Amino acid sequence: MPHFSLVFSLARAWPLRWCGLFARRAAAGLALGACAVAGPAHALTAPEQLATYAAQSGQKPQAGQGQVFFTTKHGHEWSCASCHTATPTVEGKHASTGKVIRPLAPAANPERFTDAAKTEKWFRRNCNDVVGRECTPAEKADVLAWLLSFKN
């Protein structure tokens, strides 16, 4: 009798271990699949980000105001153009580190404004340096509208 119960318990446990392995693999596969599907959903285009800022501000973006904002010093040492140049279709250079900055206009650098988190991160940093505060959604929309006005 003990032999039977040992064989029965081993026979029963073995398939359960395999089921657990398959379940874990299936769950991992589903998680990876979800990441692959969710990844591109966060990728935006520059016009989509412009629409978001315009909706947040409740105003129509004005490219002319964006250019003025970009090229003007706002009571601090730098303007946006200090590093990005007044022509954002060319490479710029960081004013204090000298690091080369790829063109800011999406026409010259298609990677620009395709990641909302990166866009917010750099607006937050650069606005703090240039304006001494976070930029408003209207200011972001105006600057982005101006940057989108450049064509190849």
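The values are calculated or read from the model by the stated rules, or taken from the named source; none is laboratory data. On a predicted model such as this, the values are computed, not experimentally measured, just so you know. Methodologically, a virtual Cβ is constructed for each residue, glycine included, from the backbone with ideal geometry; neighbour enumeration extends over all protein chains shown.
Among (1) surrounded by 19 or more Cβ atoms within 10 Å (Cβ to Cβ); (2) of a type outside the set (D, E, K, R); (3) in a loop (DSSP other than H, G, I, E, B), which single condition is His76 missing?
Every condition holds for His76 apart from (1).
Could you check the range 57-73 and list, in sequence order, the residues that are in a loop (DSSP other than H, G, I, E, B), surrounded by fewer than 19 Cβ atoms within 10 Å (Cβ to Cβ) and within 25 Å of the chain's Cα centre (by Cα)? Please lay out each step first, then the result.
So the first thing to find is which residues in the range 57-73 are in a loop (DSSP other than H, G, I, E, B), and the list is 58-62, 72-73.
Still in the list and also surrounded by fewer than 19 Cβ atoms within 10 Å (Cβ to Cβ): 58-60, 62, 72-73.
Correct list: Gly58, Gln59, Lys60, Gln62.
Considering only residues that are under 12 Å from Gln49 (Cα atoms) and buried (at least 21 other Cβ atoms within 10 Å of the Cβ), which ones fall in the range 113-146?
Correct list: Phe113, Lys140, Ala141, Asp142, Val143, Leu144, Ala145.
So Lys151 ticks every box in (1) modelled with pLDDT of 95 or more; (2) closer than 19 Å to Ala63 by Cα but one. Which box is left unticked?
All conditions pass for Lys151, except number (1).
Of everything in the range 79-112, what is hydroxyl-bearing (Ser, Thr, Tyr) and surrounded by fewer than 16 Cβ atoms within 10 Å (Cβ to Cβ)? Give them in sequence order. I'd like the intermediate steps shown before the answer.
Kept after step one, since they are hydroxyl-bearing (Ser, Thr, Tyr), are these residues of the range 79-112: 79, 82, 85, 87, 89, 96-97.
Within the range 79-112, Thr87, Ser96, Thr97 qualify.
Mind counting the residues in the range 79-125 that are in a strand (DSSP E or B) and among the acidic types (Asp, Glu)?
The qualifying residues number 1.
For Ala28, state whether it is closer than 30 Å to Leu144 by Cβ and at pLDDT below 95.
On the way: closer than 30 Å to Leu144 by Cβ: no; at pLDDT below 95: yes.
Here the answer is no, as Ala28 does not meet what is asked.
From Thr114, Thr85, grab the single residue that is at pLDDT 90 or above and within 15 Å of Val143 (Cα to Cα). First the steps, then the outcome.
Values: Thr114 fails: within 15 Å of Val143 (Cα to Cα).
So the residue among Thr114, Thr85 that is at pLDDT 90 or above and within 15 Å of Val143 (Cα to Cα) is Thr85.
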